[in-house]
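Below you'll find the structure, written out as structure tokens, and then a few comments.
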Amino acid sequence: MDHEHYPDDYLRDILEGVHTIAVVGASPRRERPSHRVMAYLQRHGYRAIPVNPNAAGDTINGERCYASLAEVPEPIDMVDVFRRSEVAGDAVDQAIAVGAKIVWMQLGVRDDAAAARADAHGLKVVMNRCPAIDIPRLRLLPRNSRRADAVCRMG
């Protein structure tokens, strides 16, 4: 897979096929991109489960937060990674271990070695993209009035 450019059909297949998304690095702080993207996913019909060891046991966007993917008590279709590139590999390894089907690394997040491990285990991989941008761009669900690209910026 060429991780520089993803065909629209590849992204569409992923986004139409997933139901449960674990958001690794989800923040309880409303101003953080991970909080906003998780809420966007929820508004668009996905089950989004927050994963953040610093917020474990708390509630983020109405969902209980878990310390790790291994603690999530239900199958995970996709892992959406809001972690710096240098530490994203741990989330990818956890995704492999729990049997996730897809790893999606957010804007600015890229780890080619972790992507190769995920590919080798049969997971689909997306790097340096935001589902809250691709969902309306692909017209998978109705667009809302807010600009999704402003929601996704890391920082």
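Taking only the stretch 78-114 into account, find how many residues are within 10 Å of the chain's Cα centre (by Cα) and under 15 Å from Lys124 (Cβ atoms).
Selection size over the stretch 78-114: 8.
Would you check which residues across the stretch 95-117 are surrounded by fewer than 23 Cβ atoms within 10 Å (Cβ to Cβ) and within 17 Å of Val18 (Cα to Cα) and list them?
Hits for the stretch 95-117 are Ile96, Val98, Gly99, Lys101, Ile102.
If we keep just the residues of the stretch 11-68 that are free of Cβ contacts under 8 Å to residues at least 24 places away in the same chain and at positive phi, which is farthest from the chain's Cα centre (by Cα)?
Filtering first and then ranking leaves Gly57.
Looking for something among the aliphatic types (A, V, I, L, M), modelled with pLDDT of 95 or more and touching a Ser or Thr at 6+ places or on another chain (Cβ under 9 Å) - is there at least one such residue anywhere in the stretch 82-93?
no
State all residues of the stretch 73-94 that are touching a residue at least 40 places away in the same chain (Cβ under 8 Å), more than 19 Å from Tyr40 (Cα to Cα) and either touching a helix residue (DSSP H, G or I) at 6+ places or on another chain (Cβ under 7 Å) or exposed (fewer than 15 other Cβ atoms within 10 Å of the Cβ) (or both); if no residue qualifies, say none. It would help to see each step written out before you state the result.
Taking the stretch 73-94 as the starting set, the residues that turn out to be touching a residue at least 40 places away in the same chain (Cβ under 8 Å) are 74-83, 91, 94.
Filter once more, so that each one left must be more than 19 Å from Tyr40 (Cα to Cα): 74-75, 91, 94.
Once the filter is applied, which keeps residues that are touching a residue at least 40 places away in the same chain (Cβ under 8 Å), more than 19 Å from Tyr40 (Cα to Cα) and either touching a helix residue (DSSP H, G or I) at 6+ places or on another chain (Cβ under 7 Å) or exposed (fewer than 15 other Cβ atoms within 10 Å of the Cβ) (or both), the stretch 73-94 yields Glu74, Pro75, Gln94.
Determine if the stretch 109-121 includes at least one residue that is within 20 Å of Ala55 (Cβ to Cβ) and in contact with a helix residue (DSSP H, G or I) (Cβ under 7 Å, 6 or more places away or on another chain). Give the derivation first.
Applying the first criterion (within 20 Å of Ala55 (Cβ to Cβ)) to the stretch 109-121 yields 109.
Those still in the list that are in contact with a helix residue (DSSP H, G or I) (Cβ under 7 Å, 6 or more places away or on another chain) too: 109.
Within the stretch 109-121 (the criterion being within 20 Å of Ala55 (Cβ to Cβ) and in contact with a helix residue (DSSP H, G or I) (Cβ under 7 Å, 6 or more places away or on another chain)), the answer is yes, since at least one residue qualifies.
Specify the residue that is nearest to Asp13 (Cα to Cα); the eligible residues are those in the stretch 104-137 that are touching a residue at least 60 places away in the same chain (Cβ under 8 Å) and in a strand (DSSP E or B).
Lys124
Looking only at the stretch 16-34, how many residues end up being out of contact with any strand residue (DSSP E or B) (no Cβ under 7 Å at 6 or more places or on another chain), crowded, with 20+ Cβ neighbours inside 10 Å and assigned to a helix (DSSP H, G or I)? Talk me through it step by step, then tell me what you get.
Within the stretch 16-34, the subset out of contact with any strand residue (DSSP E or B) (no Cβ under 7 Å at 6 or more places or on another chain) is 16-17, 27, 29-33.
The next check asks that each one be crowded, with 20+ Cβ neighbours inside 10 Å; those that pass are 27, 33.
Of the ones still in play, those that are also assigned to a helix (DSSP H, G or I) are 33.
Within the stretch 16-34, residues that are out of contact with any strand residue (DSSP E or B) (no Cβ under 7 Å at 6 or more places or on another chain), crowded, with 20+ Cβ neighbours inside 10 Å and assigned to a helix (DSSP H, G or I) number 1.
The values are calculated or read from the model by the stated rules, or taken from the named source; none is laboratory data. The shown structure was predicted, so the numbers you read here are calculated from the model rather than taken from an experiment. Every residue, glycine as well, gets a Cβ built from its backbone with ideal geometry; the counts of neighbours run over all protein chains shown.
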